[in-house]
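Below you'll find the structure, written out as structure tokens, and then a few comments.
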Amino acid sequence: MSPQGPPASGPNRPGNGPHNVNLNATASGQGRVNQAGRDQHFHITFPLVGAALVLGLLVLALWKPLQHVTAGLADDSPSASASPVVPWTPPKHVDPLPPLPPPTTRSRVPDPPVPPVTPTPSPTPRYTPPPPPPDPVDVAFAAIRSGDCLDVYNTGLGEWSRTSPVAVDCRGGSAFNRVAAVATAAASCPTGMGRDAYGHTNRDNSVTVLCLERQFRNGQCFVAATSDYRSYNGWLSVVWDCRSGRVPKSANVIMAITAVLTVRDTCPSYKGRYTAEWPVLDGSAKVCALVV
């Protein structure tokens, strides 16, 4: 902003020394300058006014953000007075970062060896033979009960007439013995004249013993030993053939049963024949016989 022309030098304008100038301007675009007591009028052109407006708008635009920044700093600050903002100054010298160390090579621990998997062989089926059939003699002895009558007898030669017992009718002529008891040892059987033990060892090594009582009948024969034909050692449990001409080695006569009586009865006598009698079983009966 300048007046329309410089003042001319002349005798009324001093060339040296201070100048007192008063500048008054109004919105009309005209101004008055008071210089040394004299008023001088000048005019302000429109371009000068436009530049002033632009400058004012620019200052206003910059002032609003600064207000927000200042308000934010004032709210966040614990004190009423805002601390001055110190700009960051980069350091003059920055140490470089140390280089990374090389990777450490570590020895790998080997895995433990895996034992080989041995397939478990399938078990070979073992042949199990079928159980043997039951022993028929075991079955025969196991089938006998106390009170049964058997056709088995003592031969007098150290053996029995049958290897296995057969039960028969006690009233028949072949019922030579009656089973008084079934035991597991001969020692368990009762003793006495006309009694015996008929035993068998089974396949499983168990023992079955049949305790027998002789069933005496008239006409049956047995063997005996005598030295004078007055006293006799009779084998009353033995059944012998009455017509046989032989006897066991320890015997010398064959005796035939003539009667089976109570102990109170009297045995029959035969003229010219040797006779004898024996109490049998529990002693309540006696057997009468003669030498054949």
Discussion item. So, in region 274-292, how many residues would count as being in a loop (DSSP other than H, G, I, E, B) and modelled with pLDDT under 95?
Written reply: 5
Practice prompt. Would you tally the residues in region 97-143 being loosely packed, with under 10 Cβ neighbours inside 10 Å and in contact with a Lys or Arg (Cβ under 6 Å, 6 or more places away or on another chain)?
Written response: 0
Discussion item. Considering only region 279-289, I want to know if a residue exists there that is out of contact with any strand residue (DSSP E or B) (no Cβ under 8 Å at 6 or more places or on another chain) and basic (Lys, Arg).
Written reply: no
Worksheet item: In region 211-228, is there at least one residue being within 21 Å of Val137 (Cα to Cα) and β-branched (Val, Ile, Thr)?
Response: no
Worksheet entry | Filter result (over 14 Å from Asn177 (Cα atoms), among the hydrophobic types (A, V, I, L, M, F, W, C) and touching a residue at least 60 places away in the same chain (Cβ under 8 Å)) within region 225-239 | Trp235
Worksheet item: Among the residues of region 165-183, which ones are at pLDDT below 95 and among the polar types (S, T, N, Q)?
Response: Ser174
Item to complete: Using the structure shown, decide if Pro133 is under 48 Å from the mean Cα position of the chain (by Cα) and within 28 Å of Asn202 (Cα to Cα).
Response: yes
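The values are calculated or read from the model by the stated rules, or taken from the named source; none is laboratory data. Just so it is clear, the model here is predicted, and its values are computed rather than measured. Heads up, the Cβs are rebuilt from the backbone with ideal geometry, glycines too, and the neighbour counts pull from every protein chain shown.
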